[in-house]
Amino acid sequence: MTRLRVFTADDGDTPVLDTSDPKWIGDALKRIGVRYERWPLRDTGGADTDAVLAAYAPEIDKLKTEQGYQSVDIIGVTPDHPDRAAMRAKFLSEHRHSEDEVRFFVAGEGLFTLRTDDDRVHAVLCTAGDLISVPAGMRHWFDMGPEPSFTVIRLFENPEGWVAKFTGDAIADRFPRHERASG
């Protein structure tokens with residue numbers, strides 16, 4: 001189940017908001033400029049990339065038209081992936097991107113943690129059916145957990161330009177990591 005916990009930047013132990021209500025989550029994220037939507041889950045015929053993209057074509061086309069995204073791909077990581085630890089570590093530190101980070105969770109889950117300019121920290125556990133778009137320049141980190149299990153559709157303005165620019169701030173070390181909630 002999708003969950004939002006909001007903290008102050010100096011206290012990663014006590015959330016000032018903790019909710020699983022999709023409306024509250026959407027409203028809270030909208031206030032900080034993050035797009036959040038729930039898309040209907042569809043039968044994608046297994047892990048076939050073309051089937052997944054076809055199943056979500058109307059939503060993907062709408063985003064591409066509205067936001068100008070040029071390319072789409074799918075990535076999935078499973079608990080037995082041989083590089084899972086390195087993949088997890090890659091984005092555990094606070095960073096930014098020069099373009100939006102757009103993810104739709106077809107299956108599984110992952111934790112996006114976002115830091116706003118007023119030093120609020122929004123930890124968003126995204127699950128199957130969630131679309132999140134972290135705006136360009138927003139400080140954040142992503143945790144897929146020690147036993148990652150997810151499939152996401154990613155949209156890009158320019159996939160070659162999608163590079164993490166790390167802030168050097170160790171803030172991510174002071175906040176909860178992701179431990180898989182669903183089985």
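Take the conditions (1) surrounded by 17 or more Cβ atoms within 10 Å (Cβ to Cβ); (2) closer than 19 Å to V34 by Cα; D117 misses just one of them, which is (1). One residue stands out in the range 140-180 among those that are under 22 Å from E59 (Cα atoms) and among the hydrophobic types (A, V, I, L, M, F, W, C): the one that is surrounded by the fewest Cβ atoms within 10 Å (Cβ to Cβ), namely W162.
For the range 18-74, a residue qualifies if it is on the phi > 0 side of the Ramachandran plot and either surrounded by 12 or more Cβ atoms within 10 Å (Cβ to Cβ) or part of a helix (DSSP H, G or I) (or both), and exactly one does: G33.
Every condition in (1) crowded, with 17+ Cβ neighbours inside 10 Å; (2) over 19 Å from D83 (Cβ atoms); (3) of a type in the set (G, A, S) holds for G137 except the one numbered (1). When H122 is tested against (1) over 9 Å from the mean Cα position of the chain (by Cα); (2) over 22 Å from F7 (Cβ atoms); (3) touching a residue at least 40 places away in the same chain (Cβ under 8 Å), just one condition goes unmet, and that condition is (2).
Checking A86 against (1) farther than 19 Å from G145 by Cβ; (2) within 19 Å of the chain's Cα centre (by Cα); (3) not in a loop (DSSP other than H, G, I, E, B): exactly one of these is not met. Which one? All conditions are met except number (1). Just one of the listed residues (G110, G76) is within 16 Å of F150 (Cα to Cα), modelled with pLDDT of 95 or more and touching a strand residue (DSSP E or B) at 6+ places or on another chain (Cβ under 7 Å), namely G110. Residues that are part of a loop (DSSP other than H, G, I, E, B) and either within 10 Å of the chain's Cα centre (by Cα) or not aliphatic (A, V, I, L, M) (or both) were ranked within the range 89-105; the one that is surrounded by the fewest Cβ atoms within 10 Å (Cβ to Cβ) is S98.
Every listed requirement among (1) charged (D, E, K, R); (2) under 16 Å from V34 (Cβ atoms); (3) at pLDDT 95 or above is met by E99 save one, (3).
The values are calculated or read from the model by the stated rules, or taken from the named source; none is laboratory data. The structure displayed is predicted, hence computed values, not measured ones. Here the Cβ is made from the backbone with ideal geometry for all residues, glycine too, and neighbour counts use every protein chain on show.
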